[in-house]
Every structure is written in structure tokens, then in C-alpha cells.
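Here is the structure we will look at.
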Amino acid sequence: MPHTVAAVDLLRFAAATTEAHGVPPEDARLLADTLVTAELWGHPSHGMLRLPWYLAHIRSGATAATAAPRVVSDNGAVLVVDGQDGLGQVLADRATRLGIDRAREHGISAIAVRNSGHFGTAAYFTRKAAEAGCVAMLATNASPAMAPWGGREKRPAWRRAQGLSDRAAASSMPRRFSLSTARATRTYSRSLQR
């Protein structure tokens, strides 16, 4: 029997569960908010379905419970951040804040994050930048998961297989807009849903 859970209760549950896995409270709330927001936006493939996956990665050590990103290259408007395998949402949020600050200082910015993991719905972060008065574009790479255009099967990476590679953009100028796309018509996690 389906059961509806209020967003606030889902948020509380996801944050508490994540915090119980050693994630600092503020970071746990951020992860929970991205998951619940994805559900509310109608993107369950990036919502609560992902929580057990993130927690399993923390338990296995593949993802660090406490994110400790480090700037490895700083050229003013352009930064490279090593995420040191922290939660993708935490790293994307910090990169977004850095991007906003650097854009205000230099008129434009570009932030690259490496050694990160899945960060949920890309539009969550571009919308934050738009709310801060910036135009934001976000792109990510992904493991090979689909056949190249015109192909029938996924091939090894050395034979040009493609990842889903989400992209998002948002702005509040002159009118608010938000766009989020991927290369596939169906996400992997959507395939897990019944």
C-alpha cells in the first residue's frame, strides 16, 4: 500500500540517518534537502531512492563522511578543488559558493571539482547561484553507461562509450529560468524504480 510522507518528515529522516553515518549535521541536512527537493521537483531518480546508495558508499569508505575539499589551483576567477572523495552534494555546494564569490570579485568564475561523487540533481546548485544573482552553468562527467549516438550497445571506455553526463544552467536575469539535461532518456536509477 502506498503511503505519503510529508516532505518535512522525509527531510528529518534523511538528515538523521545520514548524520548517524558520521556526516556532520549541516552536511547531512544538505544531502537530505537535495534528495527531498528532487522528489518535490518530480525527479525521484535523484531523490530518496539514492539515500541507501550514498550511505553504502560512506560505510564502505568509498565516500568520506566528512568532506575536506582543498583548493589545488587558484588563478583568481578559476579554481580547481580536490574533493578528496567527500559527498558530492557537499562538494558541489561549496564549489557553487566559491563560484558565486569569485564571480562577484572577478566578474566571472569557473570552478572544477575532482575526486567527487554523485551530487544529485544538478539544477539544485545552479538555482542557488541564480538566486544569488549569477548566471550558472554546471556540467559533470560520468562512467560509461550508454551506447554512443547511433550505437546499439555500451562499449568499453576505450571504444568511446559515453556517460550520462548531466548539465544544468540557471539565471535570474532578465527573467528566471532553469534547465537540466542528460544524454539519456532514462537514468540508471529510474530503471531501478518499479
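The values are calculated or read from the model by the stated rules, or taken from the named source; none is laboratory data. Here the structure is a predicted model, which means the values were calculated and not measured. FYI the Cβ positions are ideal-geometry reconstructions off the backbone, even for glycines, and counts take in every protein chain you see.
Below is a table of values for the structure above.
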| quantity | calculated |
| --- | --- |
| Residue among ALA67, ALA56, ALA62 that is exposed (fewer than 15 other Cβ atoms within 10 Å of the Cβ) and assigned to a loop (DSSP other than H, G, I, E, B) | ALA62 |
| Of all residues in the stretch 128-170 being under 12 Å from the mean Cα position of the chain (by Cα) and surrounded by 20 or more Cβ atoms within 10 Å (Cβ to Cβ), the one that is modelled with the lowest pLDDT | ASP166 |
| Some residue of the stretch 61-78 being under 26 Å from ARG12 (Cβ atoms) and of a type outside the set (A, V, I, L, M, F, W, C) | yes |
| SER73 among the hydroxyl-bearing types (Ser, Thr, Tyr) and part of a strand (DSSP E or B) | yes |
| Residues of the stretch 1-42 classified as among the small types (Gly, Ala, Ser) and assigned to a helix (DSSP H, G or I), total | 7 |
| Residue in the stretch 78-85 that is modelled with pLDDT of 95 or more, buried (at least 17 other Cβ atoms within 10 Å of the Cβ) and of a type in the set (Asp, Glu) present | yes |
| Qualifying residue in the stretch 92-103 (condition: part of a strand (DSSP E or B) and modelled with pLDDT of 95 or more) | no |
| From the options THR18, THR63, THR34, residue that is at pLDDT 95 or above, hydroxyl-bearing (Ser, Thr, Tyr) and under 21 Å from ALA170 (Cβ atoms) | THR34 |
| Verdict on ASP33 being out of contact with any Cys (no Cβ under 6 Å at 6 or more places or on another chain), within 30 Å of ASP9 (Cα to Cα) and of a type in the set (D, E, K, R) | yes |
